[in-house]
1. Looking at (1) open to solvent by 20 Å² or more (accessible area, probe 1.4 Å); (2) more than 14 Å from the chain's Cα centre (by Cα); (3) modelled with pLDDT of 95 or more, find the lone condition where residue B:71 falls short.
2. Among the listed residues A:50, A:103, which satisfies the condition of being on the phi < 0 side of the Ramachandran plot, without any contact (Cβ under 8 Å) to a residue 60 or more places away in the chain and crowded, with 17+ Cβ neighbours inside 10 Å?
3. Across region A:72-92, what is the number of residues that are in a loop (DSSP other than H, G, I, E, B) and within 20 Å of residue A:57 (Cα to Cα)?
4. Where residues in region B:56-68 are surrounded by 17 or more Cβ atoms within 10 Å (Cβ to Cβ) and assigned to a strand (DSSP E or B), which of them is farthest from the other protein chains (Cβ to nearest Cβ)?
5. Find the residue count for region B:28-42, including only residues that are open to solvent by 20 Å² or more (accessible area, probe 1.4 Å) and aliphatic (A, V, I, L, M).
6. Answer with yes or no whether residue B:52 is surrounded by fewer than 21 Cβ atoms within 10 Å (Cβ to Cβ), more than 11 Å from chain A (Cβ to nearest Cβ), touching a residue at least 60 places away in the same chain (Cβ under 8 Å) and among the acidic types (Asp, Glu).
7. Looking at B:12, B:19, can you tell me which residue is touching a residue at least 40 places away in the same chain (Cβ under 8 Å), more than 14 Å from chain A (Cβ to nearest Cβ) and open to solvent by less than 20 Å² (accessible area, probe 1.4 Å)?
8. Exactly one condition in (1) open to solvent by less than 20 Å² (accessible area, probe 1.4 Å); (2) over 18 Å from residue A:37 (Cα atoms); (3) within 13 Å of the chain's Cα centre (by Cα); (4) in contact (Cβ under 8 Å) with a residue 40 or more places away in the chain is false for residue B:110; which is it?
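The values are calculated or read from the model by the stated rules, or taken from the named source; none is laboratory data. Everything numeric in this text was worked out from a predicted model, so none of it was measured. Neighbour counts run over all protein chains shown; Cβ positions are idealised from the backbone, glycine included. Only protein heavy atoms, including side chains, enter the accessible area calculation; ligands, DNA and RNA are left aside. Shrake-Rupley method; radii C 1.70, N 1.55, O 1.52, S 1.80 Å.
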Amino acid sequence: LAKTTQPISMDSYEGQEVNITCSHNNIATNDYITWYQQFPSQGPRFIIQGYKTKVTNEVASLFIPADRKSSTLSLPRVSLSDTAVYYCLVGDFYNQGGKLIFGQGTELSVKP
Amino acid sequence: EAGVTQFPSHSVIEKGQTVTLRCDPISGHDNLYWYRRVMGKEIKFLLHFVKESKQDESGMPNNRFLAERTGGTYSTLKVQPAELEDSGVYFCASSQFNLRVRTEAFFGQGTRLTVV
């Protein structure tokens with residue numbers, strides 16, 4: 001399973017765009033990249049998943065370069081409610097039964 | 001539609017006692033997972049059910065932990081006897097993925113277990 005590395009913490013202000021980059025140098029051909037968000041006292045929540053190039057949904061965008069050795073989660077115009085821990089996970093989720101391997105995550109703090 | 005629910009939300013027990021955690025997955029989800037986060041550590045996978053069968057229990061720490069999913073609906077995770085190092089937050093998740101491009105797991109709010 002590919003190991004991921006992401007910043008431990010980030011600070012931002014309301015209204016800014018936040019980009020969180022994750023490194024996964026040993027990503028395998030069948031691996032996908034997925035991001036989860038976790039608020040205090042709650043379980044993680046799926047944000048977005050991608051394989052290559054760019055994926056966008058109503059919450060975020062995910063940018064994946066051609067070599068797939070890293071990925072960037074982009075949160076547009078963050079608000080205080082986006083304060084949470086963001087996890088980058090890499091794996092062949094479909095063939096590994098949906099098992100998730102969590103790293104330490106990035107603790108995002110959004111300030112007024 | 002109800003999400004994944006876990007009971008209790010908090011539990012404080014003494015070392016040596018038994019505790020049973022319960023998870024009700026989203027209706028119709030065949031896949032059910034247990035995870036745990038011990039204080040200061042990362043969220044760790046414990047096991048995976050497909051319906052009532054244990055698909056992967058590679059993350060279960062030892063034989064003091066017993067997970068069941070009778071009838072393929074709700075699941076229980078029993079810790080007997082509990083030790084201090086079992087303290088942490090236990091998460092349950094369920095999924096019904098059949099698309100490679102979106103393998104989304106839905107998590108419950110967790111059960112915070114404190115062993116004293």
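1. The number of the failed condition is (3).
2. On the way: A:103 fails: without any contact (Cβ under 8 Å) to a residue 60 or more places away in the chain.
Just one listed residue meets the conditions, A:50.
3. Adding up the residues that qualify gives 5.
4. B:65
5. 2
6. Working: surrounded by fewer than 21 Cβ atoms within 10 Å (Cβ to Cβ): yes; more than 11 Å from chain A (Cβ to nearest Cβ): yes; touching a residue at least 60 places away in the same chain (Cβ under 8 Å): no; among the acidic types (Asp, Glu): yes.
Taking the combined requirement at face value, the residue does not satisfy it.
7. B:19
8. Single failed check for residue B:110: (2).
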